[in-house]
Amino acid sequence: MAKQAVKTTVSVIKADVGSLAGHHTVHPDQLELARKNLEAAKKKGLIHDYHVFHAGDDIELLMTHRKGVDNPDIHKLAWDTFTDITQNVSRKLKLYAAGQDLLVEAFSGNVKGMGPGVAEIEFEERPSDPIIVFAADKTEPGAWNLPLYKIFADPFNTAGLVIDPVLQGGFRFQVLDVRENRSVTLKCPEEAYALLALIGTTGRYVISRIYRHDGFWAAVASTTRLSLIKGSYVGKDDPVLIVRAQHGLPAVGEVLEPFSRPHLVAGWMRGSHTGPMMPVSQKDAVCSRFDGPPRVVALGFQVANSQLVGPADLFADPGFDRARKIANEIADYMRAQGPFEPHRLGPEEMEYTTLPKVMAALKDRWAKEK
């Protein structure tokens, strides 16, 4: 009987459970407690390895294990860790918005739909298995749509789509309709135009998974929309993304290349504004200017026998200095628009903010024009 291959699961579970001086960064004690909890779980054999980091005011728990995706023990570990941080650090230090992303009181087996964002991928390790973990702050899951399209479907970005015979078969994109809770899978290059017709509407249609044409799992993104869970604005969704790279997949440089030209995303101040996605190093993952502009960090790892080798701080490269300069110039231009669209989001997105309360106060003052 053939021996069954051992598969590694990589899980990234994130949450905003309180921040230092507004919404711009976390407190060191929060990260320290997260590391303490995950180290205890590692010693017990629940997880194989971990890395704790942050993007803006979000704490990211990166874990490797062999329990598969959606495992209740792994999700409970993350939930208990975020709860522990909320109760024993955030509230004691009176950090801002303590426990913000914990939208329910009791854990129910899976953190999906409970507030935290989740991206998980399971695979049989290759002889060399690089992954890139992206984490963004002050934006929503649709922020990944444009870079994911360019990475896996645009030959002007990814040379491998042209010169690597393994990639010429293309990729399958699973797209989630976050309002109707339904999904569709489209294959590129054949259905590229149909894919673009959907994912250009970033607030509703978000790429959740990408597979190579032969079913090889290439990328997975978090898709949590907090406003659709809560029914009101409780902070932007601040998504995470895992991308596998090299050897039959886009190279690391091809995965990073879309972020060299900052694109506009929804979020920024009060989750109500459009701004540029700025690629930054881990040390610069703090969002203070108008609570932004939106940031993204990229940490590279080798996965070796379910251990994490790394990280490499990929956006620390001076090659992204110009992208940061452009992002600041875009931020200047957008901020000059003040409360006007398109800097302020359109009415469909604003319905989950505090703006409806302002409009409600005026509802009885409208008069019909003759």
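The values are calculated or read from the model by the stated rules, or taken from the named source; none is laboratory data. Everything quoted here is computed from the prediction, not taken from an experiment. Cβ coordinates were reconstructed from backbone atoms using ideal geometry, including for glycine residues, and neighbour counts include every protein chain displayed.
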Cβ-Cβ under 7 Å pairs, at least 6 apart or on other chains, the range 177-192 side of a type outside the set (A, V, I, L, M, F, W, C), far side assigned to a loop (DSSP other than H, G, I, E, B) and modelled with pLDDT of 95 or more = 187/170; 189/170
remark   = In the range 12-40, residues that are under 17 Å from residue 287 (Cα atoms) and part of a helix (DSSP H, G or I) total 1
ask   = Which residue pairs have Cβ atoms under 8 Å apart, sit 6 or more places apart or on different chains, and have a first residue in the range 49-62 that is on the phi > 0 side of the Ramachandran plot and touching a residue at least 24 places away in the same chain (Cβ under 8 Å) and a second that is surrounded by fewer than 22 Cβ atoms within 10 Å (Cβ to Cβ) and not in a strand (DSSP E or B)?
value = 56/24; 56/286
ask   = Looking at this structure, is residue 68 touching a residue at least 40 places away in the same chain (Cβ under 8 Å), part of a loop (DSSP other than H, G, I, E, B) and either at positive phi or not aliphatic (A, V, I, L, M) (or both)?
value = yes
ask   = Out of the residues in the range 297-309 that are touching a Ser or Thr at 6+ places or on another chain (Cβ under 8 Å) and not in a loop (DSSP other than H, G, I, E, B), which is surrounded by the most Cβ atoms within 10 Å (Cβ to Cβ)?
value = 297
note = Picked from the range 327-370 (must be part of a helix (DSSP H, G or I) and within 22 Å of the chain's Cα centre (by Cα)), the residue nearest to residue 277 (Cα to Cα) is 327
request  = Select from the range 310-326 the residues that are in a helix (DSSP H, G or I) and in contact (Cβ under 8 Å) with a residue 24 or more places away in the chain and list them in ascending order.
outcome  = 314, 315, 316, 319, 320, 322, 323, 324, 326
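Does at least one position in the range 301-314 carry a residue that is among the β-branched types (Val, Ile, Thr) and over 19 Å from the mean Cα position of the chain (by Cα)? Spell out the reasoning first.
We begin by selecting, within the range 301-314, every residue among the β-branched types (Val, Ile, Thr); these are 303, 309.
Checking the rest, the ones that are also over 19 Å from the mean Cα position of the chain (by Cα) come to 303, 309.
Looking for residues that are among the β-branched types (Val, Ile, Thr) and over 19 Å from the mean Cα position of the chain (by Cα), one finds at least one in the range 301-314, hence yes.
In the range 56-70, what residues are surrounded by fewer than 20 Cβ atoms within 10 Å (Cβ to Cβ) and closer than 26 Å to residue 296 by Cα? Even if it seems obvious, please write down each step before you answer.
Keep residues of the range 56-70 that are surrounded by fewer than 20 Cβ atoms within 10 Å (Cβ to Cβ), which gives 66-70.
Matches in the range 56-70: 69, 70.
For the range 261-293, which positions are charged (D, E, K, R) and outside any helix (DSSP H, G or I)? Full working, then the answer.
So in the range 261-293, the residues charged (D, E, K, R) come out as 261, 270, 283-284, 289, 291.
Of everything in the range 261-293, those that are charged (D, E, K, R) and outside any helix (DSSP H, G or I) turn out to be 261, 289, 291.
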task = For the range 100-128, name all the residues that are surrounded by 20 or more Cβ atoms within 10 Å (Cβ to Cβ), part of a loop (DSSP other than H, G, I, E, B) and at pLDDT 95 or above.
result = none
inquiry  = Condition check: under 19 Å from residue 242 (Cα atoms) and either among the polar types (S, T, N, Q) or in contact (Cβ under 8 Å) with a residue 24 or more places away in the chain (or both). Does residue 195 satisfy that?
reply    = no
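Taking the residues in the range 170-203 that are charged (D, E, K, R) and buried (at least 16 other Cβ atoms within 10 Å of the Cβ) as candidates, determine which candidate is nearest to residue 223 (Cα to Cα). Working first, answer last.
Initial filter on the range 170-203 (charged (D, E, K, R)): 172, 177, 179-180, 182, 187, 190-191.
Of the ones still in play, those that are also buried (at least 16 other Cβ atoms within 10 Å of the Cβ) are 172, 187, 191.
On the way: 172: 17, 187: 20, 191: 22 Å.
Within the range 170-203, the match that is nearest to residue 223 (Cα to Cα) is 172.
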Qualifying positions in the range 71-99 - of a type outside the set (Lys, Arg), on the phi < 0 side of the Ramachandran plot, surrounded by fewer than 22 Cβ atoms within 10 Å (Cβ to Cβ) and in a loop (DSSP other than H, G, I, E, B) = 71, 93, 98
task = Identify, by number, the condition in (1) under 30 Å from residue 27 (Cβ atoms); (2) modelled with pLDDT of 95 or more; (3) of a type in the set (Ser, Thr, Tyr); (4) surrounded by fewer than 19 Cβ atoms within 10 Å (Cβ to Cβ) that residue 353 doesn't meet.
result = (2)
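Would you tally the residues in the range 262-320 being of a type in the set (D, E, K, R) and over 27 Å from residue 244 (Cβ atoms)?
Kept after step one, since they are of a type in the set (D, E, K, R), are these residues of the range 262-320: 270, 283-284, 289, 291, 295, 313, 317.
Still in the list and also over 27 Å from residue 244 (Cβ atoms): 270, 289, 291.
The qualifying residues number 3.
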task = Name the single residue, out of those in the range 41-55 being buried (at least 18 other Cβ atoms within 10 Å of the Cβ) and either assigned to a helix (DSSP H, G or I) or among the aliphatic types (A, V, I, L, M) (or both), that is farthest from the chain's Cα centre (by Cα).
result = 41
